[in-house]
Amino acid sequence: MSRAILAFNAGSSNIKFAVFAVAGNATLSRLLYRGLVDYCFGKLHFVVTDGDGRPITDAAIEPGPQRESVTREMLSRAVAWLAEHTRGLDLVGAGHRVVHGGQGFAASTRVDDRLIAALEKLMPLDPPSLAQCLDAIRALESATPGLPQVACFDSAFYRTGPRVAHAVPLPREILDAGLEGYGFHGLSYEYIAHALPALLEGRAEGRIVVAHLGNESSMCAMKQRKHMANTADFSALESLPMGTRCGTLDPGAIFYLMRDRGMNLDEIARLLYHQSGLLGVSGVSSDLRELLQSSSPEAAQAIEFFVYRVGRELGSLAAALQGLDALVFTGGIGEHAASVRAAVCREAGWLGITLDEAANLRHGPRISAPQSPVSAWVIPMDEELIIARHALEVLHDGIVSSSPK
């Protein structure tokens, strides 16, 4: 029976998974399956392909009326498919993307009761994503009892950078209690860091800004492929405007909402996590794909605001790097929305980026002109590959000791 490991990536707007074959020395040998449950235009779409990209499952699903039922449906579909289609495999473990483990957990860690309790305490830092991660862990445990599971933290990548990048300007006793800049999308940035040498060659160690643009968005500055600065901070509300999240917001706005609008904490949390961002500005949709097809002037305004904020943060990160050698787009928007990339690159002309329009429409990989002093790229992320690698590292000794002799 072939051994395999599962990588599970539960996000706020979709669920992705991948199943990789495991070689005798407890390393990844090849991709077996890749799946996506996505929510767009009011419908769920479930797609699974084999290791060569050939379709296995392609189905539209009518979700329930509430957002909570949508996320439950995405999760149940993914777990049910995996439970059925991995029966002929010897699953040695599963890795999960977890947004972060606070100050107590940074390196990938085997899931146990202590870890679950710690993540539950951290729930206020990112209620939607952490809840989805915990639901995925529990659902998989129910479907495959006893399967070793590993939490792979987005925040781990940020520990490679300078301490000052985590600083928060609050009194020391509050910082010592656990409030610091954790950062998000670290698994995505870790994958990009590994992928850079194959495309940028010698310039891969230079000053790189990676824009992870999607329903959840952030940007990260790297030098020598290590974290130097980022837009995401203590909670998943910070950074760029996202699908339904506000992004960076003056804290004084919270005081206004409480004092002048009479809103309580639960109402404010609902507003900032679920009713703001692209949805709030446009009043049309949280999904950029829908906004790009809309004739609404408010939809156009939301896209313009998103591009403006990406450009503003790009300038800030370039300043942190004291220059810029390359800009990389990744994530759902970054990989697929050519018009957004084009607008960002045009606005960044002052930094030395000259767009190659034809290459951009082909989605790269290089989308800047040959003579452009600063290059621009599209690199599809593969968080699932990084998750699987980290899970194997944690489970390595047990896998090797159980290998057939």
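The values are calculated or read from the model by the stated rules, or taken from the named source; none is laboratory data. As the structure is a prediction and not an experimental result, all values here were calculated from the model. Here Cβ is always computed from backbone atoms with ideal geometry, including for glycine, and neighbour counts include all displayed protein chains. Note: accessible area is taken over every heavy atom of the protein model, side chains too, but ligands, DNA and RNA are not part of it. Shrake-Rupley method; radii C 1.70, N 1.55, O 1.52, S 1.80 Å.
Annotations
- Given (1) open to solvent by 40 Å² or more (accessible area, probe 1.4 Å); (2) free of Cβ contacts under 8 Å to residues at least 12 places away in the same chain; (3) small (Gly, Ala, Ser), index of the condition Gly332 fails: (2)
- Candidate set: the range 86-108, residues that are outside any strand (DSSP E or B) and not small (Gly, Ala, Ser); chosen: the one farthest from Ser155 (Cα to Cα): Arg87
- Close pairs from the range 197-211: first assigned to a strand (DSSP E or B), partner open to solvent by 70 Å² or more (accessible area, probe 1.4 Å) and modelled with pLDDT of 95 or more, Cβ under 7 Å, at least 6 apart: Arg207/Lys223
- Within the range 1-67, strands (runs of 3 or more DSSP E) holding 1 or more residues that are open to solvent by 30 Å² or more (accessible area, probe 1.4 Å), farther than 17 Å from Leu395 by Cα and in contact with a strand residue (DSSP E or B) (Cβ under 6 Å, 6 or more places away or on another chain): 14-22, 28-40, 43-50, 55-61
- Considering the range 161-177, the residues that are within 30 Å of Leu385 (Cα to Cα) and not in a helix (DSSP H, G or I) include one that is least open to solvent (accessible area, probe 1.4 Å), namely Gly161.
- Test result for Glu267, touching a strand residue (DSSP E or B) at 6+ places or on another chain (Cβ under 7 Å), at pLDDT 95 or above and in a helix (DSSP H, G or I): no
- Verdict on Phe306 being part of a strand (DSSP E or B), surrounded by 14 or more Cβ atoms within 10 Å (Cβ to Cβ) and aromatic (Phe, Trp, Tyr): no
- Candidate set from the range 178-196 (those that are assigned to a helix (DSSP H, G or I) and not hydrophobic (A, V, I, L, M, F, W, C)); member that is farthest from Val374 (Cα to Cα): Gly186
- Consider the range 114-160 and keep the residues that are surrounded by 20 or more Cβ atoms within 10 Å (Cβ to Cβ) and of a type in the set (Asp, Glu). The one that is modelled with the highest pLDDT is Asp154.
- Residue that is part of a helix (DSSP H, G or I), touching a residue at least 24 places away in the same chain (Cβ under 8 Å) and more than 21 Å from Val168 (Cβ to Cβ), where the choices are Leu257, Leu272, Leu292: Leu292
- Filter result (open to solvent by 10 Å² or more (accessible area, probe 1.4 Å) and under 22 Å from the mean Cα position of the chain (by Cα)) within the range 344-365: His363, Gly364, Pro365
- With respect to the stated conditions, Thr86 is within 25 Å of Arg389 (Cα to Cα) and surrounded by fewer than 23 Cβ atoms within 10 Å (Cβ to Cβ).
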